Amino acid sequence: MTQNTVSKVGTMVFWTLVLGALVAVIALVTHESLKAGAARGADPGDPKRAQRGRAVYDTHCAVCHGAQLEGQANWGTRLPNGRMPAPPHDASGHTWHHPDAVLFGITKHGLVPGKYAPPGYQSDMPAFGGTLSDDDIWAVLAYIKSRWPGEIQRRQLEIDRNARAPR
Ligand code: HEC
């Protein structure tokens with residue numbers, strides 16, 4: 001082998017390694033984002049997560065959203081202060097129409113006007129960022145999801161996937 005061939009082979013090996021590493025990183029990132037809901041602990045099929053989430057729910061959410069996730073009475077009608085009552089989190093509510101990231105964001109930051117609600121919107125939904133850890137929030141979402149029938153869980157999973165798909 002001439003000096004020239006050796007350096008050509010060396011260059012080829014180098015680029016093959018770079019390409020390989022790149023493919024591995026892309027595969028990992030894709031894989032991670034696909035199972036993100038489960039990895040972050042919002043997997044309704046994990047009884048331990050759901051159980052932990054239930055404790056969080058009973059302590060922090062039930063007072064407004066109802067012990068059985070049924071929401072406040074007449075939740076579709078504005079309160080005298082012009083704000084909306086707490087809606088149900090069960091299958092009869094609107095919660096399951098949101099992707100995971102939105103449910104997480106609303107729970108952590110509240111119904112931020114201009115982001116999760118129209119500009120200037122006022123809401124009684126508290127922001128839990130200062131009270132609950134991210135892990136608590138994912139756990140409570142796992143619990144809420146675990147209370148939906150299988151068909152609703154599948155539809156929300158679909159909504160979550162679509163929200164995540166690269167555009
Ligand atoms: C003080 C009462 C109160 C508590 C406590 C509360 N919420 Fe809410 N929540 C509300 C109200 C009121 C709304 C509806 C806000 C609106 O439309 O203005 C709401 C809305 C939401 C929504 C949006 C639902 C949708 O369909 O868009 C999510 C998600 C939510 N709450 C999650 C939680 C979670 C999780 C907890 C417990 C960690 C919690 N909330 C605790 C009052 C409360």
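The values are calculated or read from the model by the stated rules, or taken from the named source; none is laboratory data. Computed from a prediction, not measured in an experiment: that's the story for all the values here. Neighbour counts run over all protein chains shown; Cβ positions are idealised from the backbone, glycine included.
The range 59-167 holds helices (runs of 4 or more DSSP H) entirely within its bounds, and those carrying 3 or more residues that are near the ligand (Cβ under 9 Å from one of its atoms) and more than 13 Å from the chain's Cα centre (by Cα) map to 62-65.
Take the conditions (1) modelled with pLDDT under 95; (2) of a type outside the set (A, V, I, L, M, F, W, C); (3) touching a Gly at 6+ places or on another chain (Cβ under 9 Å); N81 misses just one of them, which is (3). In the range 97-116, the residues that are within 13 Å of N162 (Cα to Cα) form Cβ pairs under 8 Å with partners that are within 11 Å of the ligand (Cβ to nearest atom) and not in a loop (DSSP other than H, G, I, E, B), at six or more places apart or across chains, as follows: H98/I106; D100/L141. Taking the residues in the range 123-167 that are in contact (Cβ under 8 Å) with a residue 40 or more places away in the chain and of a type in the set (S, T, Y) as candidates, determine which candidate is surrounded by the fewest Cβ atoms within 10 Å (Cβ to Cβ). Looking at the filtered set, the residue picked out is T131.
The set of residues in the range 79-96 being without any contact (Cβ under 8 Å) to a residue 24 or more places away in the chain and either on the phi > 0 side of the Ramachandran plot or of a type in the set (S, T, Y) (or both) consists of S92 alone. Within the range 63-94, the set of residues being closer than 30 Å to A165 by Cα and touching a Leu at 6+ places or on another chain (Cβ under 7 Å) comprises P88, H89, D90.
With respect to (1) surrounded by fewer than 13 Cβ atoms within 10 Å (Cβ to Cβ); (2) touching a residue at least 24 places away in the same chain (Cβ under 8 Å), the lone exception for G76 is condition (2). Just give me the residues in the range 97-122 being surrounded by fewer than 16 Cβ atoms within 10 Å (Cβ to Cβ) and polar (S, T, N, Q), in sequence order. Scanning the range 97-122 gives a single hit, Q122. Collect the residues in the range 46-58 that are under 18 Å from the mean Cα position of the chain (by Cα) and more than 10 Å from the ligand (Cβ to nearest atom), keeping them in residue-number order. Of everything in the range 46-58, those that are under 18 Å from the mean Cα position of the chain (by Cα) and more than 10 Å from the ligand (Cβ to nearest atom) turn out to be D46, P47, K48, R49, A50, Q51, R52, R54.
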